[in-house]
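Below is one structure; the comments refer to it alone.
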Amino acid sequence: MLNKGNSIRKVLINTYVIILLVLLFRLFSNFFLNFPLHYDEAQYWSWSKQLEWGYYSKPPFLAWLINMNVFMCGDEESCLRLFSPLMHSITCIIIIYSSYCLLKDINVSIFSGALYLLMPGVTFSSFFISTDVPLLLFSALTALSLIKIIQSNFKNIKYYLIFAVAISLGILSKYAMLYLFFSIIFASFFSNKIKKLVLNYNFLISLIVIIAFISPHIIWNMKNSFVTFNHTFDNANTSNLKINILEPVIFFISQFFVFGIFPLLFIFIKFIKNQNNKILNEEQKILLFLFISPIVLITFLALFSRANANWAVV
């Protein structure tokens, strides 16, 4: 047993060293390549000069993050993007731990983290700063909190509070976090464990915490004619709805470029096999549902409106 513990510890140390090396490579690449700021990045940077509870097209968290970057090392492009590869590395570690909590298999856990860290979308995102970066971190933390809530038999309020904070900061990063939140609510209709999670009095406390966290942003929007909410709807082109068969196909294919061909194919094959052989436990089924739901939803919406490739990244 001791040898097994030492073996796992050694594997984890080697894994963290590799994650650190990937992080350093991305940080140095950002510094040497020194790409000029993209239009969106420049807009986020300008927002960071005046901290608010909301901005024209996005919630406030990313502007706060850039403000912290500027405070630490200045206005250089590489500095503004500092938290992007760093947050992806932290997300990778959360995924490794989440996978280990589910399966108790260190090799599968490390493979899970590697799939995330080397995903095309994550690799590309590491060279830019965008709202997707904190969104992915907080969505991974949400998934971990769900696993821990279920494994603690729904009694440990600490994990409910982590869930609430992760959901709140995710919403303050990007509204796409709501896809995940409502998918959890919808999952309670077919999953007994999620139903127990939602009907637990600790979940009510979580909702109160979430409302408390995001209420300043809602109040800011009320004072500013709901500018962020309206822009989100305008961005989806909801005022000019028309059926377009090609758009959902393009969106679905684009997901293979975001997640990688192998990971996405593997997940869909696993989903089909589970329908026939019931090979997944309930926690895995829940996480699979939470993964697929946003993709299905945005694919459906793309039938009536345009949809960017990263809209279902949560």
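Candidate cross-link partners of residue 270 among the lysines, defined by an alpha-carbon separation under 22 Å and a same-chain spacing of 8 or more, comprise 104, 193, 278, 285.
Tell me what the chain gives for mean residue ellipticity at 222 nm when only DSSP H runs of n ≥ 4 count, each as -39,500 (n - 2.57), the sum divided by the residue total, rounded to 500 deg cm²/dmol.
-24500 deg cm²/dmol
What the chain shows is 52 Å² of accessible area per residue, with the surface traced by a 1.4 Å probe over protein heavy atoms. Using Cα positions and a limit of under 17 Å, work out the aspartates and glutamates in reach of residue 195, with same-chain residues fewer than 8 apart set aside. Partners found: 282, 283. Left without a cysteine partner by the 4.7 Å Cβ rule in the chain: 92, 101.
Once the whole set of protein chains is in place, how much accessible area is left on residue 231, using a 1.4 Å probe, in Å² to the nearest 10? For residue 231, solvent-accessible area is about 40 Å².
For the chain, the membrane-span-like helix rule (DSSP H, alpha carbon extent of at least 27 Å along the helix axis, mean Kyte-Doolittle at least -0.5) picks out 2-33, 83-103, 132-151, 201-223, 282-301; this says nothing about an actual membrane. Of the chymotrypsin sites (Phe, Trp or Tyr not before Pro) found in region 188-287, the ones in coil according to DSSP and having at most 14 other Cβ atoms within 10 Å of their Cβ are 189, 190. Of the trypsin sites (Lys or Arg not before Pro) found in region 188-297, the ones in coil according to DSSP and having at most 10 other Cβ atoms within 10 Å of their Cβ are 242, 278.
Judged by the gyration tensor of its Cα atoms, with axes a ≥ b ≥ c, region 23-179 is oblate; a/c meets the 1.5 cut and b/c is at least as large as a/b. With Cα atoms defining each centre, region 161-177 and region 94-126 are spaced 21 Å apart in the structure. Here residue 72 and residue 256 are evaluated by their C-beta separation; at R0 = 35 Å the FRET efficiency comes out at 0.45.
Taken as Cα centroids, region 48-88 and region 264-287 sit 38 Å apart, rounded to the nearest whole angstrom.
Which shape class applies to the chain: rounded if a/c is under 1.5, otherwise prolate when a/b exceeds b/c and oblate if not, where a ≥ b ≥ c are the square roots of the Cα gyration tensor eigenvalues? Since a/c stays below 1.5, the shape of the chain is classed as rounded. With all protein chains present, how much of the accessible area of region 1-84 (probe radius 1.4 Å) comes from carbon and sulfur, to the nearest whole percent? Answer for region 1-84 is 69 percent, counting heavy atoms of protein chains only.
How do 76, 283 rank by accessible surface area computed with a 1.4 Å probe, from largest to smallest?
The ordering from most to least exposed comes out as 76, 283.
The values are calculated or read from the model by the stated rules, or taken from the named source; none is laboratory data. As the structure is a computational prediction, the values presented were derived from the model and not from experiment. Cβ sites come from the backbone with ideal geometry, for glycine too, and all protein chains shown count toward neighbours. These area figures cover heavy atoms from the full protein model, side chains too; ligands, DNA and RNA do not enter into them. Shrake-Rupley method; radii C 1.70, N 1.55, O 1.52, S 1.80 Å.
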